[in-house]
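I have placed the structure first, in the form of structure tokens, so that the comments after it can refer back to it.
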């Protein structure tokens, strides 16, 4: 039997995944409005599935910091959709033939395979754009700035560039950490921070949650690398080994699989100890869940 | 000899082009900072030249509405850079092989020809991103919303999609107006509106300037189409006739060149009459200038 807290966090994740999916449907432009093809491509990629980890983290941080959930549309809702739209935009552009050239994503054809390259470029651009519109609708310019910084050349885009440049090269642990922290970690950290900012968290809480976000962000990507080596194809819904085929800079490649496991676990423990030892909270459970994920 | 006011507007444009260029240099990420290649590509495309029409319109509208220019960095400055960065991002993605497949832009190789497709996609994304960061730095969430709406699927991206879908098809005047209004007009209108909003313009002024922006935006693109048919290659710095070779939906193609001229002139006159007959202002001169442009 699963321990009670694991069951609880799974229920929490399922509930919030449902909330997020409903938000995404609400905020996506309608498919029966022009430009229909572009709107269809956006919806296709956003609704292809996914863990909705970034919106869930934003929500959990918002809740943890005492953000109001009384309104019909709490201020964190558009931010949650914005974070997932940005994530999807990055996947669509990453999958393009001139980038990673992937045909499948979450078990179905990638956006450019389904709609053609031109539409895929524009669909990514449009999701990027609508994310900022939603983030601005929170009324907090700092939330827009946080997002822009996290996914700009200091963050996600810089990580994607470094990732491309590192292909086929032997990289050190520091190199991989540097790539992962920017490519994946920055947006995960931003998700936690934006949730906290929208709840009007004080500086001390913000600092603690930033450290938490940074650690789980890096751990998340290390585990992603590990799963690409020894994950279960059926659970993952995609082929394993693609990093290796593409000669990607991965954490196991740099330090070996044992050390990769150990480092990921250490980061998860550190993320959990950002909070008081006896404090029970969802963010701790979320960190543990990320540490144990199998897909 | 040129009439005095033409000389004046040329001086004004030269001065503001200089101001804008200096702002762009200031706000672009440094080329000696990582990711260097990406930063080089961004700078290459932004500094390849251009009329800087959108930032100049934002400035002129801001000035017209009484926005303060006393500060070392007036609040319209980051918005001016944001508008030009967005314009450049749209050109970079538009030039990609899967879109218009252009090798030359402003007389030099396009971004993907110079840096490769992957870097060009990311450079466009990064300029898109930094534009929102700058717009958010004005502290006015509405400025971010205006930009996002103007360049989203209702605006610029919708226009690009319609433009692609119209290739090779016989289009009506209404079709072309619909494409041009979104693809080019929306961002030009937005530039004027953002300048006015940042100057805290009242609703009446904002409505007047919106109408002005809408009319010059459409006129600008009609004249662009005309110049592609009968412009001077040397003045333009690019080959004419590319719209026709690509079977693009153009205004002259839909209505003939004479009617195109007449409609553009009518729009320019209407833009000018948005203001009082005896009022002297730069926006009127700018409209007239756009109506007479040869490149």
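The values are calculated or read from the model by the stated rules, or taken from the named source; none is laboratory data. Predicted model only: the values in this text are computed from it and were never measured. Every residue, glycine among them, receives a Cβ derived from its backbone with ideal geometry; neighbour counts consider all protein chains shown.
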query: Has the range A:134-150 got any residue that is at the interface with chain B (Cβ under 7 Å from one of its Cβ atoms) and out of contact with any helix residue (DSSP H, G or I) (no Cβ under 6 Å at 6 or more places or on another chain)?
result: yes
Count of the range B:229-243 residues which are over 19 Å from the mean Cα position of the chain (by Cα) and loosely packed, with under 14 Cβ neighbours inside 10 Å: 7
query: Given the structure, is residue A:90 over 22 Å from residue A:165 (Cβ atoms) and either more than 20 Å from the chain's Cα centre (by Cα) or within 14 Å of chain B (Cβ to nearest Cβ) (or both)?
result: no
query: Considering the range B:11-42 alone, what residues qualify as being within 14 Å of chain A (Cβ to nearest Cβ) and either within 14 Å of residue B:82 (Cα to Cα) or in contact with a strand residue (DSSP E or B) (Cβ under 8 Å, 6 or more places away or on another chain) (or both)?
result: B:27, B:28, B:29, B:42
Selection status of residue B:76, surrounded by fewer than 20 Cβ atoms within 10 Å (Cβ to Cβ), away from every other protein chain (no Cβ under 13 Å) and in contact (Cβ under 8 Å) with a residue 12 or more places away in the chain: no
Verdict on residue A:59 being more than 30 Å from residue B:115 (Cβ to Cβ), in contact (Cβ under 8 Å) with a residue 40 or more places away in the chain and more than 16 Å from the chain's Cα centre (by Cα): no
message: Going through B:128, B:112 one at a time, which residue ends up being more than 18 Å from the chain's Cα centre (by Cα), at pLDDT 95 or above and buried (at least 22 other Cβ atoms within 10 Å of the Cβ)?
response: B:112
- request: Report yes if some residue within the range A:52-72 is within 11 Å of chain B (Cβ to nearest Cβ) and more than 25 Å from residue A:271 (Cα to Cα); otherwise report no.
  value: no
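Residue by residue, here is whether (1) touching a helix residue (DSSP H, G or I) at 6+ places or on another chain (Cβ under 9 Å); (2) more than 27 Å from residue A:82 (Cβ to Cβ); (3) at pLDDT 95 or above holds:
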| residue | (1), (2), (3) |
| --- | --- |
| A:179 | yes, no, yes |
| A:194 | yes, no, yes |
| A:200 | no, no, yes |
| A:207 | no, no, yes |
| A:239 | yes, yes, no |
| A:255 | yes, yes, yes |
| A:266 | yes, yes, yes |
message: If a residue must be surrounded by 17 or more Cβ atoms within 10 Å (Cβ to Cβ) and on the phi > 0 side of the Ramachandran plot, how many such residues does the range B:7-62 contain?
response: 2
- request: Among what's in the range B:111-132 and is free of Cβ contacts under 8 Å to residues at least 24 places away in the same chain and part of a helix (DSSP H, G or I), pick the residue that is farthest from the other protein chains (Cβ to nearest Cβ).
  value: B:113
Restricting the range A:159-197 to residues that are surrounded by fewer than 18 Cβ atoms within 10 Å (Cβ to Cβ) and not in a helix (DSSP H, G or I), the residue that is nearest to the other protein chains (Cβ to nearest Cβ): A:167
